[in-house]
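The values are calculated or read from the model by the stated rules, or taken from the named source; none is laboratory data. Only a predicted model underlies this, so the values are computations on that prediction, with no experimental measurement involved. Neighbour counts are summed over all protein chains in view; Cβ atoms, including those assigned to glycine, are modelled from backbone coordinates with ideal geometry. Accessible surface areas use protein heavy atoms only, side chains included; no ligands, DNA or RNA. Shrake-Rupley method; radii C 1.70, N 1.55, O 1.52, S 1.80 Å.
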Amino acid sequence: MKANLRIALSSDHAAIPLRQALAAHITAKGWTAVDIGPTTPESTPYPEHGAAAARLVASGDCRLGIILCGTGQGIMLAANKVKGIRCGVCSDTFSARMIRLHNDANMLSIGARVVGEGLALDIVDAFLSAEFEGGRHATRVEMIGALER
Ligand code: RB5
């Protein structure tokens, strides 16, 4: 992944410290973390935050997005409702690499109550370091897009 690319980050209340750790990690690696919060611990609905990050990616403002909630599942479901978004929940580095290589995922979701910080950082590195392979996978990704029309 090239430097100076913008990565959108958001979460609900269940994942604020982990999201902030990931944002600091992304910044330290030379990428630009566009962390849109929230920053206060009050309960807040994950669909709102998933959609907000997804819109930054779908509009082209950010190249990729990373979103978090307790399980990673709810916020992923919300993000995938935004046209053009391909988001998967990953709790392992193999899946995080493969959703870039084969599925051209443009967003990654992580469950803050599922994985610890060390593994989450590795998952993010695997996701951000891999590039879509194209070829036969491009046809399949286009088929996903066709389902939105
Ligand atoms: C919030 O308690 C929790 O439901 C949320 O973070 C997430 O896990 C939903 O999928």
Region 37-48 residues that are in contact (Cβ under 8 Å) with a residue 12 or more places away in the chain, paired with ones that are in a loop (DSSP other than H, G, I, E, B) and among the β-branched types (V, I, T) (beta carbon under 7 Å, 6 or more apart): P38/T44
All helices (runs of 4 or more DSSP H) inside region 33-110 with 1 or more residues being within 15 Å of the ligand (Cβ to nearest atom) and not hydrophobic (A, V, I, L, M, F, W, C): 46-58, 73-79
Residue that is part of a helix (DSSP H, G or I) and either in contact (Cβ under 8 Å) with a residue 12 or more places away in the chain or in contact with a Pro (Cβ under 8 Å, 6 or more places away or on another chain) (or both), where the choices are G145, G118: G145
Residue that is nearest to the ligand (Cβ to nearest atom), among those in region 111-123 that are in contact with a strand residue (DSSP E or B) (Cβ under 8 Å, 6 or more places away or on another chain), under 20 Å from H13 (Cβ atoms) and open to solvent by less than 20 Å² (accessible area, probe 1.4 Å): G111
Test: residue in region 1-13 that is without any contact (Cβ under 8 Å) to a residue 60 or more places away in the chain and in a helix (DSSP H, G or I): yes
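Identify, please: which residue in region 124-149 is among the acidic types (D, E) and within 21 Å of I7 (Cβ to Cβ) and is, among those, surrounded by the fewest Cβ atoms within 10 Å (Cβ to Cβ)?
It comes out as E131.
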Selected residue (criterion: farthest from the ligand (Cβ to nearest atom)) from residues of region 9-20 that are buried (at least 16 other Cβ atoms within 10 Å of the Cβ) and more than 12 Å from the chain's Cα centre (by Cα): Q20
